[in-house]
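Read through the structure below, which is laid out as structure tokens, and then see the notes.
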Amino acid sequence: MSFDLWVLLVERGWGFALLRGATVTLAVGLLGMLAGIIVAVPLALLRWRRLPIFSQAVDGYSILVRGVPGLLVIYLLFFGSIEWVQRLATAFGYQNSADDAYPFVIGVVAIAAISCAYSIEVFRGALEAVPVGLLEAAKSLALPNHVTFFRVTLPIALRLALGGLNNVWQMTIKDTSLVSVVGMQELMRSAAIAAGITRSPLLFYCAAAGMFFALTAISQTLFSHTERFFNRGFSRG
Amino acid sequence: MELDLVTYAVPFLLVGAKITLLISVFGVALGLPFGIALAVIRASKHRMLSRSADIYCAVFRGTPMLVQIFVIYYGLGQLSAIRSNPVIWWIVGDSLHAAILAVVLNTGAYTAEIFRTALLSLPRGLIEASQACGLSVWSTFRHVRFPLAVRQALPAYSSEVAIIVKESSLASTITVLEITGYAKRLMSETFAIMDIFIITSAFYLMMNVISLTSLKLIERKLSFDK
Amino acid sequence: EEGVLRIGTEGDAPLFSMADADGNVTGFDADIANGICAELKLKCKFVVQSFSTLVPSMDSDRFDVIISGLGITAERQKKIDYSIPYATTPLYFVVAKDSPLAGLKSLDEIVKALDGKSLGVVTGTTYAKFIQKHVPGADLKTYDATTQQTADLAAGRLDAAFGDSPTWADFLATPDGAGFTRVDVKIMAMDDPTSLGHGMGVGMRKGNSELKAKLDAALCKMVTEGEVKNASLHWFKDDYTIPCTK
Amino acid sequence: MMTANVLKVRELCKSFGPTKVLNGVSFRMTEGEVISLVGSSGSGKSTALRCVNFLETPTSGEIEVMGDAVSAVVNEHGKTVVHGAHNIHNFRRRIGMVFQNFNLWPHQTVLGNVTLALLYALGKNKRDAKEIALSALSKVGMADFRDRYPHQLSGGQQQRVAIARVLAMSPKIMLFDEPTSALDPELVGEVLRAIRGLADEGATILLVTHEMRFARDVSNRMIFLHKGEIEQDGTPEELLRNPASDAVARFLSSVMPLAA
Amino acid sequence: MMTANVLKVRELCKSFGPTKVLNGVSFRMTEGEVISLVGSSGSGKSTALRCVNFLETPTSGEIEVMGDAVSAVVNEHGKTVVHGAHNIHNFRRRIGMVFQNFNLWPHQTVLGNVTLALLYALGKNKRDAKEIALSALSKVGMADFRDRYPHQLSGGQQQRVAIARVLAMSPKIMLFDEPTSALDPELVGEVLRAIRGLADEGATILLVTHEMRFARDVSNRMIFLHKGEIEQDGTPEELLRNPASDAVARFLSSVMPLAA
Ligand SMILES: Nc1ncnc2c1ncn2[C@@H]1O[C@H](COP(=O)(O)OP(=O)(O)OP(=O)(O)O)[C@@H](O)[C@H]1O
Ligand SMILES: Nc1ncnc2c1ncn2[C@@H]1O[C@H](COP(=O)(O)OP(=O)(O)OP(=O)(O)O)[C@@H](O)[C@H]1O
Ligand SMILES: [Mg+2]
Ligand SMILES: [Mg+2]
């Protein structure tokens, strides 16, 4: 058995294939999450402020993207745009780069769009849980709005949002498996191919799960540290 | 999109929708209390228990649900000890049961995280007030901590419900014929991949719009200010 | 790109289309593809993608053709064009050796015996349609991959499984397959072309008659010159070629 | 001695990290006694109160309530170990507390805040609970607000609900942490009457207050806390006539120039 | 008139749904004036204060601060429309407020709570902000606690930080909502001195308090609020000598039997 493992993972190179997949997963996941959060914060703010048309639009976006399978989001984004992009790229003489880079870009955009929708809800909930009195104190001291936001609202809301964001991240890193539909071999797709070819599905799926777990375990410790940081000044309930 | 494709596909998907609904309802009905219990254990002072609950959550949140469902269904199915135990085999042997189990175990871990943070963010004074009134640990939980935590957790949990509905599609990988299971058959039959996919998504969207809006109504109903 | 034929294939179908750790593709499909490329004096470029994305990807010009053991059916022809069929594999039921089905001799007997029994097939194939039509009484279970189907067979969740003969040759040789056997009823695509189709063909975008003509010619040449037969013998230990009628 | 000691506090010490907040506080209370705990801001009054019903675990010391004792002891590793922790729940059923910042439950109405503990700590039925709650709310003039939520109330109204929440439980011992801080003089008078009434019915009351007039009027004894230690313990008259130290004298002089 | 009106409040009305809380409150304040707003619990004192700097939007009425006015008018559909809303931010730069429940920011230390507005509302540099903050904290005896977080402070200490947070800003107008509720008598005296000092330096102060002695000592004028209306407005002596109504008389009698 251990010999088999060696052959499968090293000599036939499947272990490295999985590792390559893991780097794709990590890259797409990190970029997607980051972009998602950057977009989600202002959208959550619009929603929180109950700005008439905007907040309905944000709600609509969030319900739509959370409501449909992630696969559809990436299908539509990719297959809906590829022709157009390819024509554009070819016109500018970038045939190859459109072929190679575009799936990655779309993958990141799709993951960002999804994680963004979930992050909006997390931030919205957290913002709504910030005690009004603390914001009133800021208002009464004539703090400019952006200062109130960055120095009072955000630190308190982030503390409340952290658990939710952690959930979104854990989900996002696994959602990256969606990018396999645009032809990128991330971790799960690599595992699926290896499983099919070597006829050892359990081994490879578990190996992939192990790698996912390693990734999330690292991020988990980071989250725990951040949580501790944000909890300064609060007695635990 | 041709109309006859729609009229051909929808009856199949409707049959699948029943199963999707079934899995989701069980996912919420069993997963929610399970997740809350895990959250309470994680927040408890009992080192051993809270540690094991932590690990459980880390594992189930940290690995893809596809793998979890595979391990439960195909992995455990390989072991003869499990095949010979009628109770376990009743759960694991049947694909629908196994799918429900996987969904419950998975959502439980996420729900636990949602409620754990909600419980931790409650103002300490409110809990002290109930302790000082002589409410037992259980009553404090039932009447003060839980109702306050629910209000805090609801936005995040509504996302989790949408996820349950969508993740239930993984049941198709273990032969359960829910929406996605039928969709796969229809796709390979007609090759109208995009069209089938959009019809299928409309089904999921409909279910989620209903569940998300009803949760939003509950949220509004429970809020005590405004 | 000039001089390149981009080929979409699954990559995780044993014997047909197998991508290795470095992304090189081997198998029967790959041999056909390489043969076509040689005939057309083009360079083959494989794009490995999961089955459900092959058609939309081709539609959006990610590659030119699909060579992934696609069965030709009328239904599917509404969405994509096919080359001439070049091969077809016989289909068999597989059951446990001690099953009462093991000794059956005709499809009718099998249909009767399978009433209320669980029967597994793999999606992405035409087999589900066939079973639904001919064995409506069976409890049909569909799998994403052969490995899953055989795993369930081994776990005893399936009373029978239906698939092509290369799959079974492969499975019955493994330790898991030791307790199972093929039911000696051979089913060919020609037995029911409306559901099983007309054998495997190369898929391409609709309306490209120039490409279709070139492919058909190349395939016909490969069939008549025995190239397909060699590939079939090499991978399947049997000749599944469909003669070129043109 | 005629009346038994209902509450005994022995050598209570409490530190938060390096900060020593209570430093060997001991006193006893008999049934029906009202003690005012006074002292300057930050002297440890609230902490002492919170230690009595173990909302704060003392670093060391013993609390005895009607014969049941819970004690905290520092072990050889410098850690605090609690003995008799199973009594803590009993303590809390016998001790009611009004918090300095009220701590009303925001998800419950005024009536809900008062009935909750009646229903689930005392096991009253709904009807009785409601009746008791309304009579307690009437005592503090809040019966009309029964269906409001706490955030819809003014500061003084919240404080009165918090008082009613404890009155309704009629516990043997009551701890009040500045129960009149948000009340106008008229209401202070009413709360004073309510507390006296409770004491007459046999309740034992320990209260923290800054209003010396109120302290003098309501209490049998006054304990002056200074930097976590008891500086003086005696009847209000004693404290006013013979302040034990400059601190006491200075503190009292600023309020009661001629009152006594 | 020698000194200008710094604050004018005209016909201030406020309802929460069906509950009328303020009902046509009007008064003016000149520079350096200290007004105590007194009245029973729930009479609308906090609400009036919150309306002055528009933390609560009045249902109708006008507020004028140093010549800038913001007014709320009920339109034909029964909805409140605010005119001059751009002035609100200006108002708040000129008006400081101490809340009844302090509202300290829990994630900031004591020093952070006081410096934040200095840095970002007044644009002071770090050094100056720290210096000003520490001097304000010293005034209320809290400089030693600069690195604590609010939850590590006693009630009185929190209140003093809240006061320091406003003192540090030295606004033209200050609103205090029961600034001494959690303070012991000694500290009340100090806060009293601090407020008088501010008034002498030209600040205009509107404060809500229940401590009549304090109100009398600190203020030039007293306004008695009853059920959302001004029942009497005059010097402390006037109110004590000639209470305008039974309500005023009853209210004052309970505290100041002979003081004046
Ligand atoms: N959000 C609200 N909804 C309904 N009623 C409210 C709301 N806020 C305040 N009130 C009511 O308005 C009245 C005035 O409240 P306010 O806080 O101004 O009183 P106050 O004079 O400051 O009293 P206290 O001295 O007790 O603090 C009270 O009766 C209160 O119940
Ligand atoms: N969690 C904590 N960490 C550190 N120090 C604390 C903590 N809680 C309270 N303290 C300190 O303990 C001392 C006593 O606090 P306590 O609340 O008992 O005072 P108090 O006598 O009730 O004062 P006040 O009259 O102002 O309410 C204070 O100096 C306070 O700063
Ligand atoms: Mg205190
Ligand atoms: Mg008030």
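The values are calculated or read from the model by the stated rules, or taken from the named source; none is laboratory data. Since the model is a prediction, treat every value here as computed from it, not as a measurement. Here the Cβ is made from the backbone with ideal geometry for all residues, glycine too, and neighbour counts use every protein chain on show. Only protein heavy atoms, including side chains, enter the accessible area calculation; ligands, DNA and RNA are left aside. Shrake-Rupley method; radii C 1.70, N 1.55, O 1.52, S 1.80 Å.
At-a-glance table
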item: Tally, over region A:185-229, of residues that are within 14 Å of chain C (Cβ to nearest Cβ) and within 19 Å of B:Glu113 (Cα to Cα); result: 0
item: Check on E:Glu56, under 15 Å from the mean Cα position of the chain (by Cα) and touching a residue at least 12 places away in the same chain (Cβ under 8 Å); result: yes
item: Any chance C:Phe93 is buried (at least 23 other Cβ atoms within 10 Å of the Cβ) and at pLDDT below 85; result: no
item: Selection from region B:46-81 of residues that are modelled with pLDDT under 90, in a helix (DSSP H, G or I), surrounded by fewer than 17 Cβ atoms within 10 Å (Cβ to Cβ) and among the hydrophobic types (A, V, I, L, M, F, W, C); result: B:Ala81
item: Residue within region B:25-37 that is within 13 Å of chain A (Cβ to nearest Cβ) and surrounded by 17 or more Cβ atoms within 10 Å (Cβ to Cβ) present; result: yes
item: Subset of region C:169-210 (residues that are in a loop (DSSP other than H, G, I, E, B), within 18 Å of the chain's Cα centre (by Cα) and of a type in the set (Val, Ile, Thr)); result: C:Val202
item: Options D:Ser245, D:Ser253: the member that is polar (S, T, N, Q) and within 11 Å of another protein chain (Cβ to nearest Cβ); result: D:Ser253
item: In region E:49-60, residue farthest from ligand 2 (Cβ to nearest atom) [restricted to those that are within 13 Å of chain D (Cβ to nearest Cβ) and not in a loop (DSSP other than H, G, I, E, B)]; result: E:Arg50
item: Members of region E:71-109 that are away from chain A (no Cβ under 14 Å) and either of a type in the set (D, E, K, R) or surrounded by 20 or more Cβ atoms within 10 Å (Cβ to Cβ) (or both); result: E:Ala72, E:Glu76, E:Lys79
item: Test: residue in region D:163-170 that is within 8 Å of another protein chain (Cβ to nearest Cβ), touching a residue at least 12 places away in the same chain (Cβ under 8 Å) and under 18 Å from E:Gly155 (Cα atoms); result: no
item: Region C:156-186, residues that are of a type in the set (Gly, Ala, Ser) and either more than 26 Å from B:Trp89 (Cα to Cα) or crowded, with 22+ Cβ neighbours inside 10 Å (or both); result: C:Ala160, C:Ala161, C:Gly163, C:Ser165, C:Ala169, C:Ala173
item: Filter pass, B:Ala112 being out of contact with any strand residue (DSSP E or B) (no Cβ under 6 Å at 6 or more places or on another chain), within 14 Å of chain A (Cβ to nearest Cβ) and aliphatic (A, V, I, L, M); result: yes
item: Residue in region C:102-109 that is open to solvent by 50 Å² or more (accessible area, probe 1.4 Å), more than 17 Å from the chain's Cα centre (by Cα) and at positive phi present; result: no
item: Evaluation of C:Lys141 against (1) free of Cβ contacts under 8 Å to residues at least 40 places away in the same chain; (2) within 14 Å of another protein chain (Cβ to nearest Cβ); (3) part of a loop (DSSP other than H, G, I, E, B) (one fails), failing number; result: (3)
item: C:Asn230 at pLDDT 90 or above, out of contact with any Gly (no Cβ under 6 Å at 6 or more places or on another chain) and surrounded by fewer than 17 Cβ atoms within 10 Å (Cβ to Cβ); result: yes
item: Residues located in region E:177-197, provided they are of a type in the set (A, V, I, L, M, F, W, C) and more than 12 Å from every other protein chain (Cβ to nearest Cβ); result: E:Ala194, E:Ile195
item: Those residues of region D:105-128 which are assigned to a helix (DSSP H, G or I) and closer than 27 Å to D:Leu192 by Cβ, in sequence order; result: D:Val110, D:Leu111, D:Asn113, D:Val114, D:Thr115, D:Leu116, D:Ala117, D:Leu118
item: Verdict on C:Lys206 being surrounded by fewer than 16 Cβ atoms within 10 Å (Cβ to Cβ), touching a strand residue (DSSP E or B) at 6+ places or on another chain (Cβ under 9 Å) and either within 30 Å of B:Val92 (Cβ to Cβ) or within 14 Å of chain B (Cβ to nearest Cβ) (or both); result: yes
item: Matching residues, region A:36-53, being on the phi < 0 side of the Ramachandran plot, exposed (fewer than 15 other Cβ atoms within 10 Å of the Cβ) and over 20 Å from the mean Cα position of the chain (by Cα); result: A:Arg49, A:Leu51, A:Pro52, A:Ile53
item: Filter result for C:Gly69 (closer than 24 Å to C:Glu10 by Cα and open to solvent by 10 Å² or more (accessible area, probe 1.4 Å)); result: yes
item: Number of the condition not met by C:Phe51 [criteria: (1) of a type outside the set (D, E, K, R); (2) under 21 Å from B:Phe191 (Cα atoms); (3) touching a strand residue (DSSP E or B) at 6+ places or on another chain (Cβ under 6 Å); (4) open to solvent by 30 Å² or more (accessible area, probe 1.4 Å)]; result: (3)
item: Filter result for D:Gly155 (buried (at least 21 other Cβ atoms within 10 Å of the Cβ) and at negative phi); result: yes
item: Any hit, region B:82-92, residues being at the interface with another protein chain (Cβ under 10 Å from one of its Cβ atoms), more than 30 Å from D:Glu56 (Cα to Cα), of a type in the set (Phe, Trp, Tyr) and surrounded by fewer than 23 Cβ atoms within 10 Å (Cβ to Cβ); result: yes
item: All strands (runs of 3 or more DSSP E) inside region E:1-48 with 1 or more residues being over 24 Å from E:Thr235 (Cβ atoms) and open to solvent by 10 Å² or more (accessible area, probe 1.4 Å); result: E:5-16, E:19-30
item: Selected residue (criterion: most open to solvent (accessible area, probe 1.4 Å)) from residues of region D:179-200 that are more than 16 Å from ligand 2 (Cβ to nearest atom) and touching a Gly at 6+ places or on another chain (Cβ under 8 Å); result: D:Asp200
